[in-house]
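Structure first, then comments.
The values are calculated or read from the model by the stated rules, or taken from the named source; none is laboratory data. Not measured: the values here are computed from a predicted model. Using ideal geometry, Cβ is built from the backbone for each residue, glycine included, and neighbour counts are taken over all protein chains shown.
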Amino acid sequence: MKFTRHPLSLALSFAVLCHASNALADTLADTTAAAATDASAASSAAPADAAAATSELDTISVVSEGSTRQVQTVGREEIKKAALGTSPLKVLDKLPGVYFESADAWGTYEWSQRITFRGFNRQQLGYTLDDIPLGNGAYSTDNGLSVNRSILAENIRSIEIAQGGGALGMPSSNNLGGTIAVHTDDPNKDAGVRISQGVGSNDARRSFIRADTGEINGFSAYLAGASTTSEKWRGDGAQDQSMLNAKVVYQWGGNKISAFVDIANRDETDYQDLSLDLIKRDGYRWDNFQPNWAAAVAAANYYNNPHPTGPAPAGTTSIDDAYYSARGIRHDNLIGVKGEFALSDNISLRTTLYNHTDKGQGHWFTPYQASPDGTPISLRVSDYRLERNGAVTALNFDFGAHAIEAGFWYEQANNNDQRGYIALSGPLDDTHFYTNFFNTQFQQRFSTETKQAYIQDTWTLNDRLKINYGFKAQNITTDGVSVIGSRGAGTLKADDNFLPQIGASYKFAEHEDVFANYNKNQSAFTPGLAGPWSASAAAFTAAQSTLKPEQSTSFEAGVRSTHETYQASATVYNAEFSNRLLLISPCPGIQSCPTQFANVGKVRNQGVELALLWKPIESLSWLNSFAYNDSKYRSNYFNGELVQIAGKQVVDAPKKLFSSSLDYRFLDVFSANLSAKYTDKRYYTYLNDQTIPSYWMFDAALSYERTDLSWSKDMRISLGVSNLANKNYIATVGTNGFAKDDATGTFATLLSGAPRQVFASVDLRW
């Protein structure tokens, strides 16, 4: 039995073990009595803290009182409001300064997925899952995996985001901007089973099951599986994902050991990348030719003929207007073991060991390379292989007014990237991995060693004033080897022994405080298709000795207010970004041209973020956030010619964002939500000669929940509608990178957003 075909079978089997665990617990009652007494005493030592933690994790917090940085938290209740299967990152979109886009309603289509904080894009943010580094969020999985493939949303306890830099203990080699820390749910103390089933527009279906053993003599565990599938909302093809999560926990005294396993298989049929010209001619719903193979062949023959005769294929004026199809496949295995130990009353140790393997391919039916038998199309395959092994450790010392933390992160990663072509004589099922290339365009191998150490002290001078200060040291060395082809090869280092951070918070009233933070960060050079090695060997060699890692210095300051009926925050920031490395696409993405890159020097991000969460009565909450971000290039660059971009707005960085979300609970069992998001205009060219219009997006949801039924601990029925106004809009910018300019509007690097979609789900717990 293959997990890819039957992802829930293991979880169903595990459910039987959960019921058996009750009988086992009875037989062990006598032997565990003493341990239970000790555990009870330990848990009763801080009931107020436990209650506060539960309250925070179950809701949304737009302030973090006493923190020396801007930190916000989204809990399980907030995640539960989203449609079943929604990406955890999409849930963050309502927070100030967070810009999230995807071409599908769930936010899980990875080719289109983008998230940005304060002008820093997804590859300049840091991501972790229970201290396990997830890399930089790049589609090509060059140093990690997406949050969406690392954990099922149903198994998330909370997500903590910091829009600014800093986070000295974050094991990330690219967090120039903010950080996203995902925390998984522990197994439940009581044995039980949870089952969810969702359906929606475009034959969307999601099935989820989780089984918990309950706690047995300090041990507890759960096994969860989910299968998600949906047809594309435009064009032909499906997007499928199956996942399995398992977690085991053993606790004794003040110590805890946990092990987590994630298996994720994703297979997504791509949407055709659009241009402004293509949208104008054929509309927002234009897509690839699949399943019409004859039309794809006819278009390839027509446009590859130097002297075509007759009319052009319908809807097209270029060979790049449509291909037959495209696809992305990812298989991930992530394993982590974490130990948390109380070494004494004031010293604790936290250590995490992890292993991650990824096997991925990107498929494109390309008319730029004919098959050997004369068929004018072949299957272009981008093959990605990654294995990472690492350890993250932190030692905490609590000495009265000082809380000192020192830690270390080590990782060894090996990548293999290659691109080749598969011969075609007709359409084929490309949901499989292929290696029998008739032509290999390039193959590169990378070895990356990451070492990071840090130390910080949080000094609580009195009940009002707290100071946090420290620094981290980074040494990341990547060696790239060109096995086939003429792309970049050689070694690059990102090495800095003093990346400081200092912050303070001052409580000037019972419910109000101010904070300020300064930090410096750097980003390692990215291996693979998203980094400088993707340039030609000559270009890489010419720049190798002068290339410097990207660095940022950030300052933020703000005021926060936390009352029973509202939370509010206002933050201003300035980030100076140096050695900004622009990757420039000189041709359509399908052509596989070596990337051009240029160091454009400095970028400045300045802005303000406002947030207000108002709860006038217990059953009503209203969250509003506003952000203004001005991100500009401060230097020109030379790429065969002087490109004058100084003073231009950074690509894909909207200036204004506004979000409003209203939640109302009525009749004790119904909950309703109405949300709105405004996204300002964006640019996809460095010279800002083309503008993507601003737009509003509206979503609505209604749920019915009962916790007093005799046959179910918790029953929840949900109905959700995304894009309530059914608006045509451009969601993702930069799918094929960014260009200097696009006077004709023919650069295909845009994806239109999903129209109105309806989802319904039932969630049951026993």
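For region 508-543, filtered to residues that are under 23 Å from Ser625 (Cα atoms) and either aromatic (Phe, Trp, Tyr) or not in a strand (DSSP E or B) (or both), the residue that is nearest to the chain's Cα centre (by Cα) is Phe515. Tell me which residues, restricted to region 289-336, are in a strand (DSSP E or B) and more than 19 Å from Gln591 (Cβ to Cβ). Of everything in region 289-336, those that are in a strand (DSSP E or B) and more than 19 Å from Gln591 (Cβ to Cβ) turn out to be Ile329, Arg330, His331, Asp332, Asn333, Leu334, Ile335, Gly336. Of the strands (runs of 3 or more DSSP E) lying entirely inside region 192-270, those carrying at least 3 residues that are of a type in the set (Val, Ile, Thr) and surrounded by fewer than 22 Cβ atoms within 10 Å (Cβ to Cβ) are 192-200, 255-269.
Residues in region 366-389: is at least one touching a residue at least 24 places away in the same chain (Cβ under 8 Å), in contact with a Pro (Cβ under 6 Å, 6 or more places away or on another chain), buried (at least 19 other Cβ atoms within 10 Å of the Cβ) and under 30 Å from Tyr469 (Cα atoms)? There is no residue in region 366-389 that is touching a residue at least 24 places away in the same chain (Cβ under 8 Å), in contact with a Pro (Cβ under 6 Å, 6 or more places away or on another chain), buried (at least 19 other Cβ atoms within 10 Å of the Cβ) and under 30 Å from Tyr469 (Cα atoms). Within region 674-687, if we keep just the residues that are crowded, with 19+ Cβ neighbours inside 10 Å and not β-branched (Val, Ile, Thr), the residue that is farthest from Pro96 (Cα to Cα) turns out to be Tyr686. So, in region 685-714, of the ones that are modelled with pLDDT of 95 or more and aromatic (Phe, Trp, Tyr), which residue ends up nearest to Pro654 (Cα to Cα)? Per the stated criteria, the residue is Tyr695.
Note on region 702-766: enclosed strands (runs of 3 or more DSSP E) holding 2 or more residues that are polar (S, T, N, Q) are 714-722, 757-765. Output the residues belonging to region 453-496 that are under 17 Å from Asp417 (Cβ atoms) and not in a strand (DSSP E or B). Once the filter is applied, which keeps residues that are under 17 Å from Asp417 (Cβ atoms) and not in a strand (DSSP E or B), region 453-496 yields Gly485, Ser486, Gly488, Ala489. Among the residues of region 637-654, those that are crowded, with 17+ Cβ neighbours inside 10 Å and assigned to a loop (DSSP other than H, G, I, E, B) comprise Ile645, Lys648, Val650, Val651, Asp652, Ala653, Pro654.
Here Ile484 meets the list (1) of a type outside the set (D, E, K, R); (2) touching a strand residue (DSSP E or B) at 6+ places or on another chain (Cβ under 6 Å); (3) loosely packed, with under 15 Cβ neighbours inside 10 Å; (4) within 30 Å of Ala406 (Cβ to Cβ) almost entirely, failing just condition (4). Against the list (1) outside any helix (DSSP H, G or I); (2) buried (at least 24 other Cβ atoms within 10 Å of the Cβ), the condition Leu89 fails is (1).
If the condition is being touching a Lys or Arg at 6+ places or on another chain (Cβ under 8 Å) and surrounded by 24 or more Cβ atoms within 10 Å (Cβ to Cβ), then region 123-132 contributes no residue at all.
Scan Glu110, Glu77 and give me the residue that is of a type in the set (D, E, K, R) and assigned to a helix (DSSP H, G or I).
Of Glu110, Glu77, the one residue that is of a type in the set (D, E, K, R) and assigned to a helix (DSSP H, G or I) is Glu77.
Evaluated against (1) under 30 Å from Ile476 (Cα atoms); (2) in contact with a Phe, Trp or Tyr (Cβ under 7 Å, 6 or more places away or on another chain); (3) crowded, with 17+ Cβ neighbours inside 10 Å, Lys602 falls short on exactly one condition, (3).
Filtered by the rule that a residue be under 27 Å from Thr351 (Cα atoms) and either in contact with an Asp or Glu (Cβ under 9 Å, 6 or more places away or on another chain) or among the aliphatic types (A, V, I, L, M) (or both), region 88-136 gives Leu89, Gln124, Leu125, Leu129, Ile132, Pro133, Leu134, Gly135, Asn136. The condition (being without any contact (Cβ under 8 Å) to a residue 60 or more places away in the chain and buried (at least 24 other Cβ atoms within 10 Å of the Cβ)) is satisfied by just one residue among Gly137, Gly178, Gly119: Gly137.
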